[in-house]
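Only the coordinates and a few stated rules stand behind these numbers; no lab work does. Since this is a predicted model, take the numbers as computed values, not measurements. Here the Cβ positions follow ideal geometry from the backbone for every residue, glycine too, while neighbour counts run over all protein chains shown.
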Amino acid sequence: MGFFSAIKKIFGGAEGAAAPETQADINAVASAPEGGQAAPTPADASSASHPLAAGPAGEALTLRLREAEPRLSVWLGIVLEDVDEAGDLLWQRLSFLLRALDAPEAEAQNFVRDFQGWLARMDYRQVEEFRSELQYRLALALDMEDEEDERNRLFLKISQGLSRTREQFAKGLDALFAGHGELNDAFWEELEELFIMADLGYEPSIELVERLKERARKEKVTQSVKVRELLMAEVEEIFRAPRRIAAVNPPEVVLMIGVNGVGKTTTIAKLAHRDRMQGKKVMIAAADTFRAAAIEQLQVWAERVGALFHARTAGSDPAAVAYEAMDRALQEGVDVLYVDTAGRLQTKVNLMEELSKIRQVLGKKHAGAPHRTILVIDATTGQNALSQTKLFKEAAGIDELIITKLDGTAKGGVAIAVAMQHHLPITYVGLGEKMEDLRPFSGADYARALLGARADA
């Protein structure tokens with residue numbers, strides 16, 4: 001259900017339906033489950049456990065939700081008032097909000113049940129410990145991630161993550177613009193040096209300066225102060241991803257590649273978590289069989305996010321693991337299968353042979369698989385990330401990139417370099433350790449955050 005459908009539900013009912021004429025009608029619309037039946041709770045199927053639906057508290061809550069600013073964070077703030085910890089009141093309020101937002105009853109029950117299980121596994125009790133995670137899950141489950149509040153939160157996250165890079169880069173730009181009036185060779189040379197210091201690398205820095213020169217010529221820009229706007233537009237253009245066919249023959253198979261230590265295991269878990277919150281059945285296959293610890297870590301994460309898990313003992317043939325997981329995914333009606341692979345780079349030949357064999361067995365078992373190959377790179381490695389991308393692109397082919405640890409680096413410029421050199425879309429960025437910290441990548445947000453712009457600019 002999209003954001004505007006949610007607003008329509010709270011502020012005017014379903015399309016084509018007559019608007020409620022009395023407060024009693026409003027309360028009935030807000031509290032009644034589908035089909036007019038008494039609503040079971042996730043923990044107890046009796047309608048008595050939903051006192052908010054029919055009582056004065058439900059009426060008051062309905063009115064407040066209808067009168068509130070139509071934003072998920074505001075609605076959540078209302079239902080969490082006076083709720084300090086996990087318990088019956090939290091589940092009643094959460095179920096009430098989901099029904100008010102027109103979530104199907106079965107999905108609402110599953111959502112609350114999954115969240116209860118997650119809290120138990122994480123041993124969280126206080127609302128302040130899990131509120132951010134709860135809002136993130138609601139945004140995914142209700143398809144509200146694109147609402148203004150979520151976009152602002154994402155921009156803030158990216159801006160915070162790039163703070164160390166921006167501290168060097170934006171200050172350097174300010175000094176450069178202040179020290180030059182007319183555009184000349186000295187200005188472009190200093191700008192090139194600044195790009196290199198921001199870890200764009202030598203060749204990408206030269207290319208970016210040439211692009212800016214050409215853009216300045218076409219737009220008849222002669223003053224250095226105007227180059228900031230040109231740079232912002234050029235960075236957005238670099239990150240603009242080409243259109244591609246998203247439809248797949250289910251299950252969708254995603255091959256995950258990347259060297260050890262880049263955060264590939266937790267990234268798989270975060271991707272699986274996003275899919276689970278969107279109602280998909282997910283399986284994770286541990287085809288990195290050369291490290292027993294990798295298998296164990298992946299299994300722990302699969303259990304945490306509620307995904308199926310398939311593995312063999314350490315040292316098994318990775319292609320055999322992939323084949324068995326593919327067979328099981330087909331039999332069990334899985335929506336998305338993530339296949340982890342080893343991250344050894346000792347010899348390019350071995351890497352190519354292993355990944356090629358995995359691809360072959362997946363494709364033989366399921367036509368079109370793998371549908372996506374995602375390379376995970378670590379922003380803190382700077383120029384090493386560029387060489388890793390080149391190697392894996394040659395060895396396995398890459399469809400998209402995920403950049404992790406962007407929140408802890410002064411080398412955030414590597415994202416521009418890797419996108420420019422390899423013409424690959426960046427789909428997600430890692431901005432922290434929490435599940436919610438893997439966020440969709442926005443080239444426009446990245447450009448504004450890197451160059452010191454505001455979220456509303």
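On a straight-distance basis, which lysines could pair with K218 in a cross-link, Cα separation under 22 angstrom, same-chain partners fewer than 8 positions away excluded?
Candidates past the 8-residue exclusion: K226.
Run the dipole for the stretch 287-337 about the Cα centre, Lys and Arg Cβ at +1, Asp and Glu Cβ at -1, nothing else charged, and hand back the magnitude in debye, nearest 20.
140
For the cross-link pairs K281/K365; K157/K280; K405/K434, which exceed 21 Å when the distance is taken from alpha carbon to alpha carbon?
In this structure, K157/K280 lie more than 21 Å apart at Cα.
Can you list the residues, at least 5 places off or on another chain, whose amide H is less than 5 Å from the amide H of L438, using H built in the peptide plane?
Counting only residues 5 or more places away or on other chains, the set is L431.
Among Y136, Y124, rank each residue by its count of other Cβ atoms within 10 Å, from fewest to most, as a rough exposure measure.
Y124, Y136
By count of other Cβ within 10 Å, fewest leading, how are H423, H371 ordered?
Listing H423, H371 from fewest to most nearby Cβ atoms yields H423, H371.
Treating cross-link reach as a plain straight distance, find the aspartates and glutamates whose alpha-carbon is under 15 Å from the alpha-carbon of K390, omitting any fewer than eight places away in the same chain.
Those aspartates and glutamates meeting the cut-off are E203, D378, D399, E400.
Multiply the residue gap between R328 and D123 by 0.36 nm, knock off their C-alpha separation, and tell me the result in nm, one decimal place.
That pair, R328 and D123, stretches by 70.6 nm at full extension.
Sequence gap at least 6, Cα distance under 8 Å: using those rules, report the relative contact order of the stretch 265-311 to the nearest whole percent.
Reported as a whole number, the value is 46 percent.
So what J values fall out for the stretch 76-84 if you push phi through Karplus, 6.51 cos²θ - 1.76 cosθ + 1.60 with θ = phi - 60°, rounded to Hz, Gly and Pro as x?
Per residue, the Karplus-derived 3J(HN,Hα) values read 5, x, 5, 6, 8, 4, 6, 9, 9 Hz.
Residue by residue, what Karplus-based ³J(HN,Hα) values in Hz, rounded to whole numbers, does the stretch 268-281 have, using 6.51, -1.76 and 1.60 with θ = phi - 60° and x for Gly and Pro?
4, 4, 5, 5, 4, 4, 4, 5, 4, 5, 9, x, 8, 8
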